[in-house]
Amino acid sequence: MRIRRNDMVMIITGKDRGKTGKVIRVMPDREAVVVEQCNMVKKHQRPTQKNPNGGIVDIEAPIHVSNVLLLDGKTGKGARVRVKLGEDGAKVRVAAKSGTVFD
């Protein structure tokens, strides 16, 4: 996957289209990411020792990785990402249009 934890991304489809946020969690097996304060859903929680009342809480739900774009710092827009070899031979993520290096 070309998106990693702590990356800033922009959501391009769904109810949160146009919102930006930081990636909290990456799930490569499901090809999904969890973005901070985006794709919020209600979850019913039963009472526990930590939360004796239980209740309904808002949590972030996973979003498929095809529905987010990495946010380009140079242009401020979403950018498709290519992987190229850097000068030292390591793989580097690069924005397709602007050429901004993310790593």
Quick test of your reading of the structure: Val92 fulfils all but one of (1) in contact with a Gly (Cβ under 7 Å, 6 or more places away or on another chain); (2) at pLDDT 95 or above. Name the failing condition by number. (2)
Assess whether Lys15 counts as being of a type in the set (D, E, K, R) and in a strand (DSSP E or B). no
Out of the strands (runs of 3 or more DSSP E) lying entirely within segment 35-74, which hold 3 or more residues that are surrounded by 12 or more Cβ atoms within 10 Å (Cβ to Cβ)? 68-71
Log entry, pairs with first residue in segment 45-66 being in contact (Cβ under 8 Å) with a residue 60 or more places away in the chain, second being of a type in the set (D, E, K, R), beta carbons closer than 7 Å, six or more apart or on different chains, reads Val65/Glu31
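The values are calculated or read from the model by the stated rules, or taken from the named source; none is laboratory data. Since this is a predicted model, take the numbers as computed values, not measurements. Ideal geometry is used to build each Cβ from the backbone, glycine not excepted, and the neighbour counts take in all protein chains shown.
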